[in-house]
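These notes concern the structure reproduced below.
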């Protein structure tokens, strides 16, 4: 089992370039990849996105890629001297004509268009391969992180489902007591309104059977147990993405628990139902983060 949230990073040096990649993931129903990469690598965006989606499967994913040229002797930018002199001469002439100060003229000229030229990084095919290799390392690191977190989620889910099964067994043990209580209550209520000689035993038994059939929880108990066992089986299935399937099963578990609560008519059973609902809420919270 894997968690949707995770973190992975990797870095490497290729020739004179320092490559750093960070990958962060959060829970989401679908794959939502957001890339923060240098503009020089825009041609790689589709390939990077495909690699991320293939590994992440789903979730909100943020990829931050930085590329730094480590060559100290390389001028990544230069001043166009002709443009600089042209600006300087014009500004100097205007300062004499209109009588304004020429303080901070250097900073002002450097901000003007065309004065400073920035050299774009040269991205070779080998550098692109090196970047993709670092990306795979970062994704592998993320994979390990999500697997570790997934094992924690698995233990929590296993515990909650087994707690539901424990309460289900407690309800099964109380069911005969519940039925006897229903029979006694119905008979008492009837005798309070009618005299014994006015009660038709055969008709009473017939109505009692009909009423008890309406309150029978055997089918719900069987289905609840089956859903829980199915859930536990799926936890052990070797599948990288099973969050949605487990969510569907948990919904079926919830339906049976709600029906038990509606039919309970017994204080101790109601308490067990409340405990099962509490465990089901924990399951829902955990499943929101399962891949």
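The values are calculated or read from the model by the stated rules, or taken from the named source; none is laboratory data. Note that the coordinates shown come from a computational prediction; the quantities given were computed from them, not determined experimentally. Quick reminder, even Gly has a Cβ in these numbers, built from the backbone with ideal geometry, and neighbours come from all protein chains shown.
So here's what we get for this one:
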item: Per-region count, the range 261-288, residues in a helix (DSSP H, G or I), at pLDDT below 90 and surrounded by 15 or more Cβ atoms within 10 Å (Cβ to Cβ); result: 3
item: Residue list for the range 18-34, restricted to those being assigned to a strand (DSSP E or B) and either in contact with a helix residue (DSSP H, G or I) (Cβ under 6 Å, 6 or more places away or on another chain) or over 16 Å from residue 131 (Cβ atoms) (or both); result: 19, 21, 23, 24, 25, 26, 31, 32, 33, 34
item: Condition check for residue 224: assigned to a helix (DSSP H, G or I), at pLDDT below 65 and out of contact with any strand residue (DSSP E or B) (no Cβ under 7 Å at 6 or more places or on another chain); result: no
item: Residue count for the range 44-55, restricted to those that are under 17 Å from residue 19 (Cα atoms) and without any contact (Cβ under 8 Å) to a residue 60 or more places away in the chain; result: 1
item: Long-range neighbours under 8 Å by Cβ, at least six apart or interchain, first residue over 23 Å from residue 45 (Cα atoms) within the range 113-128, second surrounded by fewer than 10 Cβ atoms within 10 Å (Cβ to Cβ) and modelled with pLDDT under 75; result: 116/77; 117/77
item: Residue count for the range 30-47, restricted to those that are surrounded by 13 or more Cβ atoms within 10 Å (Cβ to Cβ) and under 21 Å from the mean Cα position of the chain (by Cα); result: 4
item: Selected residue (only one of 174, 157 is in the same structural domain as residue 279 (by TED's automatic domain parsing), at pLDDT below 90 and assigned to a helix (DSSP H, G or I)); result: 174
item: Matching option when the condition is modelled with pLDDT of 90 or more and surrounded by 12 or more Cβ atoms within 10 Å (Cβ to Cβ), among 115, 64; result: 64
